[in-house]
Amino acid sequence: MTINAPRGVHDIIGANAFKMTELENNAKFIFARHGFIEARTPIFEDIALFIRSIGEQTDIVSKEMYVFEDKKGKKFALRPEGTASFVRAYIEHRLDMSYPEGKFFYSGEMFRYERPQAGRYRQFHQIGGEFLGNSSPSADAEIIIITADILSSVGIKELSIHINSLGCCNCRPKFRQALIDYFSSIKDLCQDCQIRLEKNPLRLLDCKIDSSKFTNVPKMTDFLCPECKENFSIAQDLLKSAGYKFRVDDKLVRGLDYYNRIVFEIRSSVLGAQDALAGGGRYDNLVKDLGGQPIPAVGFALGSERVILAAQETDFFEKKEKAKKIYIAVADKELIGDAFAFAIRITKQGLKNNKNISVYPPLIDKNFTNQLKFANKINADETIVFAKNEFDNGNLIVKDMKARTQIEIPISEI
Ligand code: AMP
C-alpha cells in the first residue's frame, strides 16, 4: 500500500515552489524598504500561548488546532498563526528594549484543522509583518499599505481593502451590549452563534450560516469613543493621501480575539468563496496580556497559497525570466573528465557573473544518443558536445536544441 500526504496538506514542487519563493522574495524586498527585520519562531509552542492570545472561543482555538503531548505529557500545538509566537518571542527576548518601535516580519507554515477546499488547507504558508511600540494611525496605514503592496507585487490587480474599527476597552462594551440585545431578538441562531452570543457576541457578525438573518445590525462605528473615532478617521485620511482605495466594512470582525481598533482584510474578486488574501489589525493589549510591557502593536498576515492562486489570473510568474538550460554532452568516453570539469567550471562562472543559466553535467552512464534524448526531455536550450575530432582542434560543438542547428566554437571563447 502506498502512503499519501495527509488530507489538506500539499507537496509544493517545481513551478509552485518557484512561485512561493518569488512571493517571499518580493515580500522581503518590500519589508526591507520599510525597515522591517526578520524573525523566525518555532512551529510549535506551549498550547497555553494560543489559548490566551487567539481566544478560547475562536474557531481556531476551539476546533482547528493540532495539539499533541510530548513524552513528558506537556501539551503543545502546531502554530495556527504567527503573531502569538512572535509576541511570545518579543517578550522573552525583551525586543522592546533592543528595538523600540520595532518592525518585524516572518514567513512560514501554519496549521489549522479546517475542512479542506480550494484556497483552504490544513498546512499553509503565511507571510506576516508586525509593528510594535507605536499606537498611531500612521503605523496602521503603513501596515495596510505594505500588505497591499506585497499583493500587487505579484501582479494582483483586483484587490479590495476592507477596514473597520473594533473600538477599545472604553467603547467596545457598549457595542457588545447592543449586539447582545440585537442578536437575542433573532430566532433560530445556529448552535455556534448561540455559544458565541454568550462568550463573544462580535463573532456573530461574520457567521457564515446566520448572516442572511441579520439586517440593521448595530455598527461599531456608531459606538466609537472620540479617541477611537479620531484614530480611525486619521488612518483613513492617510490611506487616501497615499492613494490607496478602501471601503469601511461594518461586519468585518476577524477571527482572532486579540484585535482592537483598526482591523482590515484584503480580498480578491478572482477567488471564489475563500476570497481573503490577507488580514490584520491592531492588537494593543496582547503584549501585556502575555506578560510583557503595555506595548501597542499592529500587524498583518497573508496566505501565500491564496495569493499564488489569485496571481494565476495574471502573467506575473510566467513572465519571470527562465534560466537558460545547457546540457554538457560527451560523445567520446575519453573526454568524460574534460566535459565534467568544464560543466562545473561554467556553473561557477555563471554564479560569479550572475548569469541566469542552469548547467547539466554529462550523464556518463548514457551513450551519446541517449544523452541527446535526455537533453530534449529536460527541454535544454543548448547542448555543448565534447567530441574527439573537434576537441583535438580546440573546439566544442554547440547545438541549439530549439532551432536544431549546430556550430563549432573554440573552447577558449565559450
Ligand atoms: P488569519 O490568520 O485567519 O487572519 O488569515 C490570514 C490569511 O491567511 C487569510 O487571509 C488567508 O489568505 C490565509 N489563510 C488562513 N487560513 C487558511 C487556510 N486554512 N488555508 C490557506 N490559507 C489560509
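Okay, here's what the table says:
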{"quantity": "Cβ-derived FRET efficiency at R0 30 Å, Gln191 paired with Val67, nearest 0.05", "calculated": "0.85"}
{"quantity": "Volume of the Cα convex hull of region 108-236, divided per residue and given in Å³", "calculated": "169 Å³"}
{"quantity": "Segment Phe44-Asn16, length gained on full extension (0.36 nm per residue, minus Cα span)", "calculated": "7.6 nm"}
{"quantity": "Cα gyration tensor, region 1-113 - rounded (a/c under 1.5), prolate or oblate", "calculated": "oblate"}
{"quantity": "Global size of the chain as Cα Rg and Dmax, reported in angstrom", "calculated": "27.6, 94"}
{"quantity": "When each of Lys28/Lys245; Lys319/Lys399; Lys157/Lys251; Lys74/Lys174; Lys319/Lys348; Lys72/Lys288 is checked by Cα-Cα distance, pairs over 32 Å", "calculated": "Lys74/Lys174"}
{"quantity": "Packing-based ranking, highest mean first, of 152-165, 398-411 given that Cβ atoms within 10 Å are counted", "calculated": "152-165, 398-411"}
{"quantity": "Radius of gyration, Dmax [region 369-414; alpha carbons; angstrom]", "calculated": "10.9, 30"}
{"quantity": "Chain lengthening between Glu413 and Ser135 when straightened (0.36 nm per residue, less Cα-Cα)", "calculated": "93.9 nm"}
{"quantity": "Interchain or long-range residues, amide H under 5 Å from Asp284's placed H", "calculated": "Asn260, Ala297"}
{"quantity": "Calculated SAXS-style log₁₀ I(q)/I(0) at q = 0.15, 0.18, 0.24 Å⁻¹ - region 264-366, Debye, Cα scatterers", "calculated": "-0.79, -0.90, -1.15"}
{"quantity": "In region 5-58, the trypsin sites (Lys or Arg not before Pro) that fall in loop regions by DSSP, at most 12 other Cβ within 10 Å", "calculated": "Arg7, Arg40"}
{"quantity": "Net charge contributed by nearby residues that have their C-beta within less than 10 Å of Phe391 (K/R +1, D/E -1)", "calculated": "-4"}
{"quantity": "Semi-axes of the equivalent ellipsoid for region 323-413, Cα gyration tensor, largest first, Å", "calculated": "18, 16, 13"}
{"quantity": "Sparse-neighbourhood loop sites, chymotrypsin sites (Phe, Trp or Tyr not before Pro) in region 73-129 - DSSP loop, at most 12 other Cβ within 10 angstrom", "calculated": "none"}
{"quantity": "Peptides 330-343, 362-375 ordered by average Cβ neighbours within 10 Å, highest first", "calculated": "330-343, 362-375"}
{"quantity": "Kirkwood Rh (inverse of mean 1/r, distinct Cα pairs), region 217-285, angstrom", "calculated": "13.5 Å"}
{"quantity": "The chain: calculated mean residue ellipticity at 222 nm from DSSP helix runs of at least 4, using -39500 (n - 2.57)", "calculated": "-10500 deg cm²/dmol"}
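Throughout, read-outs are computed from the coordinates displayed, never taken from laboratory work. Values in this document were obtained by computation on a predicted structure and should not be read as measured data. FYI the Cβ positions are ideal-geometry reconstructions off the backbone, even for glycines, and counts take in every protein chain you see.
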